[in-house]
């Protein structure tokens, strides 16, 4: 007969995973409650690119009574995700690291740090470069008979969509290098299909961004540049791997 209380490696891993996830979730929830106190300040920062191009004397509005509260709550939920991400990533790292070799740990950590940097870079590019152009374009349709009165709730959804779109799109080099490392793609074959990739990049940009040419082009161009960077790094990694195999 087997003892049901006998500890198995799988049970130990599951208990460890549960503990790590609990720490991450509790930290995230605490972050949400804490960030609710500064959500108005965060919203002022997020909405600054729009408010700077609004006509003098104009202000943002809210239509539904609970709109502002739920807008602040959404900001706290998203902001906590980023602010507590170091703790979340550490819990993930602490769980998987014991099962990795030393060189695998270095590679994994490098990819993770590069991914975070590219995510922040994409969001920053959207905020500082894309937002001013897009909002100036949209508000240019206002006239004496049509006044710009952007709603608080709709603006946040619009801004977050663009921030995430650019942040995720900037992951292209990491994705290419990972797929190459896993031998799922060949960078030389991918380079031969460049014209198709250019087409799909513009289709992808059109799906992720609002229906205006400015934001679509400003997403597509960095993606194409990052694709070329990822292709270069992927080819380089293949050459290095080939030399190490000799």
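Derivation of every value follows stated rules applied to the coordinates shown; laboratory data play no part. If you're wondering where the values come from, they're calculated on a predicted model, not measured in any experiment. We place every Cβ from the backbone using ideal geometry, glycine too, and count neighbours over all the protein chains shown.
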>> Using Cβ counts within 10 Å as a stand-in for footprinting exposure, how do 13, 103, 145 rank, fewest first?
In response: 145, 103, 13
> So what is log10(I(q)/I(0)) for region 55-119 at q = 0.12, 0.18, 0.22 1/Å, when the Debye sum runs over its Cα atoms only?
Replying inline: -0.54, -0.79, -0.97
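To make sure I understand, if each residue's beta carbon is the centre and we count other beta carbons within 10 Å, what order do 144, 67 fall in, fewest to most? Don't skip to the answer; put the middle values down first.
On the way: 144 5, 67 16.
Least to most surrounded, the residues fall as 144, 67.
Going by the alpha-carbon gyration tensor, a ≥ b ≥ c the square roots of its eigenvalues, is region 1-133 rounded (a/c under 1.5) or, if a/c is not under 1.5, prolate (a/b greater than b/c) versus oblate?
Oblate, because a/c is 1.5 or more while a/b does not exceed b/c.
Per Stokes-Einstein, at 4 °C and 1.567 mPa s, what whole-number D in µm² s⁻¹ belongs to region 4-76, with the Kirkwood radius over Cα pairs as the hydrodynamic radius? It would help to have the intermediate numbers written out before the result.
Values: Rh = 16.0 Å.
Result for D is 81 µm²/s.
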>> Which of 85, 215, 205 ends up with the largest GNM mean-square fluctuation for the chain, with Cα atoms connected below 10 Å?
In response: 85
>> Distance between the C-alpha centers of region 163-199 and region 211-233? Whole Å please.
In response: 11 Å
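What ranking do 200, 93 get, fewest neighbouring Cβ atoms within 10 angstrom at the top? Could you put the intermediate results ahead of the total?
On the way: 200 11, 93 15.
If I rank by nearby Cβ atoms, fewest first, I get 200, 93.
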> Expressed as a whole number of Å, what is the distance separating the alpha-carbon centroids of region 9-31 and region 124-154?
Replying inline: 42 Å
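Over all distinct Cα pairs, what is the inverse of the mean 1/r for region 55-188, reported as the Kirkwood hydrodynamic radius in Å?
18.2 Å
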>> For the chain, what does the helix formula give at 222 nm: sum of -39500 (n - 2.57) over DSSP H segments with n ≥ 4, over the residue count, nearest 500 deg cm²/dmol?
In response: -25000 deg cm²/dmol
> Which number do you get for Rg(Cα) / (2.2 N^0.38 Å) in the chain?
Replying inline: 1.28
> Taking every pair of alpha-carbon atoms in region 121-191, what share in percent sits in each 5 Å bin, from 0 to the bin with the longest distance?
Replying inline: 3, 13, 16, 16, 13, 11, 9, 7, 5, 4, 2, 1
